[in-house]
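> Once you've had a glance at the structure underneath, I'll fire off some questions.
The values are calculated or read from the model by the stated rules, or taken from the named source; none is laboratory data. Every value quoted in this text rests on a predicted model; they were computed, and no experiment measured them. Positions of Cβ are generated from backbone atoms using ideal geometry, with glycine treated the same way; all protein chains shown enter the neighbour counts. For the accessible areas, the whole protein counts, side chains as well, though only heavy atoms, and no ligand, DNA or RNA atoms are used. Shrake-Rupley method; radii C 1.70, N 1.55, O 1.52, S 1.80 Å.
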Amino acid sequence: SVAFCQMTTHVHAIVSVPDLSLPEGMRYLNREYSRDFNARHGRVGHFVRQRYGSRRIQDARDLVGVYAYVVLNPVRVGMCRRAEDWRWSSFATTIGLTDDFAFVDASLVLAEFGGSTTALRDYVAGESAAHLALPAAAGN
């Protein structure tokens, strides 16, 4: 996993999959999570309602943009002030504030910032500030 952010109703993730196993892996993950959740809560039936969405990262610029989108989700919806404050995201681990999600390997993203966690943190903070400075769309 390159990055993830667990929201209250869904998860965003950037994963590196070297072959065509993503659909099979997602079916397995959703099936096993549903079984576990249902067993813990005395439920039966499907838990995951919709198929996952996926797309390939096109290039380094796309990777960095998608990364910022993923880790800034809780900021955008007002659940925290800064990306590193969200407990259920790999961002704080990536920038060295925690070791909670050591299984995440964000080296592909960090490479775009010369390996600097400070530069990555500054970029994400800048993207957050840019988003918050945008005027609200009419009617929203």
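For (1) at pLDDT below 90; (2) open to solvent by 80 Å² or more (accessible area, probe 1.4 Å); (3) closer than 18 Å to D105 by Cβ; (4) in a helix (DSSP H, G or I), each residue gets a yes or a no:
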| residue | (1), (2), (3), (4) |
| --- | --- |
| P18 | yes, yes, yes, no |
| M26 | yes, no, no, yes |
| S34 | yes, no, no, yes |
| R40 | no, yes, no, yes |
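> Let me ask something additional. Among the residues of the stretch 103-123, what is the count of those that are surrounded by 14 or more Cβ atoms within 10 Å (Cβ to Cβ), closer than 15 Å to L72 by Cα and free of Cβ contacts under 8 Å to residues at least 40 places away in the same chain?
The total comes to 2.
> Further question: Report the residue count in the stretch 42-51 for those that are open to solvent by 80 Å² or more (accessible area, probe 1.4 Å) and either within 25 Å of V71 (Cα to Cα) or in contact (Cβ under 8 Å) with a residue 24 or more places away in the chain (or both).
Qualifying residue count, the stretch 42-51: 3.
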